[in-house]
Amino acid sequence: MSFADFEQAIEDPALRVIARHWNSVRGDRRLPGWGDIRPSAIAVHLPIIWSYRYDRQSDRFVGRLAGDAIEAVFSHSFRGVPMEDLFPPGALAHYFARHRRVVIEPCFFHGYGSVFDHLERVGAGERIILPLSDSGGEADGILGATHYDPASPAARDSFPAGEVEEWFSLG
């Protein structure tokens, strides 16, 4: 598996643009840093982007930012908010483990299906998570993006729950 395999798995054009931008700004390095991301290059897609800083010493994620579409789903800003304050207690362990795997291995995550079940938001979507490293060494953050289409109230009962998860090594 490699970035090419990861990119090929992505169906949503906006998510593919974001992933390609991540790959282009890393150049010949294993991981890009937060400062390498160029908002102007992905400006039209900023509403679906979100990011966390990861502190290895405390084993904790803290929100860096979330675009307007993501903040609307979560009902508040991510900036400076610990992950445990953003997710319901019953969902935190799953999402923490997912995000942690992206930084510890590091690897790429791709998911699709019902992406916001933990917030009782039923709808179809697709999500990517990519590792970041401001130091150029170990990953110390993640860049994510989620495309989400809320289901109509009539369709919610028939919509399958859950998100299919796919993992890709950096290659």
Please determine, by comparing only the residues of segment 38-50 that are of a type outside the set (A, V, I, L, M) and outside any helix (DSSP H, G or I), which one is nearest to Gly141 (Cα to Cα).
Trp50
So which residues in segment 51-100 are hydrophobic (A, V, I, L, M, F, W, C), part of a strand (DSSP E or B) and without any contact (Cβ under 8 Å) to a residue 24 or more places away in the chain, if there are any at all?
Val62, Leu65, Ala66
I need the full set of residues from segment 59-70 which are modelled with pLDDT of 95 or more and surrounded by fewer than 13 Cβ atoms within 10 Å (Cβ to Cβ), in order please.
Asp59
Suppose we filter Leu130, Leu119, Leu92 for residues that are surrounded by 16 or more Cβ atoms within 10 Å (Cβ to Cβ) and either among the hydrophobic types (A, V, I, L, M, F, W, C) or modelled with pLDDT of 90 or more (or both); which single one remains?
Leu130
Does segment 60-80 contain at least one residue that is of a type in the set (Val, Ile, Thr), touching a strand residue (DSSP E or B) at 6+ places or on another chain (Cβ under 7 Å) and more than 18 Å from Pro131 (Cα to Cα)?
yes
Filtering segment 21-37 down to residues that are among the hydrophobic types (A, V, I, L, M, F, W, C), in a helix (DSSP H, G or I) and in contact with a helix residue (DSSP H, G or I) (Cβ under 9 Å, 6 or more places away or on another chain), which residue is surrounded by the fewest Cβ atoms within 10 Å (Cβ to Cβ)?
Val25
Given the conditions (1) at pLDDT 85 or above; (2) touching a strand residue (DSSP E or B) at 6+ places or on another chain (Cβ under 7 Å); (3) under 27 Å from Glu7 (Cβ atoms), which single one is not true for Asp149?
(1)
For Val103, state whether it is of a type in the set (A, V, I, L, M, F, W, C), surrounded by 16 or more Cβ atoms within 10 Å (Cβ to Cβ) and not in a loop (DSSP other than H, G, I, E, B).
yes
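Taking the residues in segment 152-171 that are among the hydrophobic types (A, V, I, L, M, F, W, C) and either assigned to a loop (DSSP other than H, G, I, E, B) or on the phi > 0 side of the Ramachandran plot (or both) as candidates, determine which candidate is modelled with the highest pLDDT.
So the residue we want is Leu170.
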Between a residue in segment 19-43 that is farther than 24 Å from Ala69 by Cα and any residue that is assigned to a helix (DSSP H, G or I) and of a type in the set (Phe, Trp, Tyr), which pairs come within a Cβ distance under 8 Å, given they are 6 or more apart or on different chains?
Pro32/Trp22
For residues in segment 8-45 being out of contact with any Leu (no Cβ under 9 Å at 6 or more places or on another chain) and of a type in the set (S, T, N, Q), which is farthest from Ser133 (Cα to Cα)?
Gln8
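This table checks each residue for (1) basic (Lys, Arg); (2) surrounded by fewer than 18 Cβ atoms within 10 Å (Cβ to Cβ); (3) within 21 Å of Asp12 (Cα to Cα).
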residue	(1), (2), (3)
Ile49	no, no, yes
Gln57	no, yes, no
Ala72	no, yes, yes
Phe96	no, yes, no
Phe108	no, no, yes
Does Ser2 satisfy the criteria of being of a type in the set (Gly, Ala, Ser), surrounded by fewer than 16 Cβ atoms within 10 Å (Cβ to Cβ) and in contact with a strand residue (DSSP E or B) (Cβ under 8 Å, 6 or more places away or on another chain)?
yes
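The values are calculated or read from the model by the stated rules, or taken from the named source; none is laboratory data. None of these values were measured; they are calculated from a predicted model. Reconstructed Cβ throughout: ideal geometry from the backbone, glycine too, with neighbour counts over all protein chains shown.
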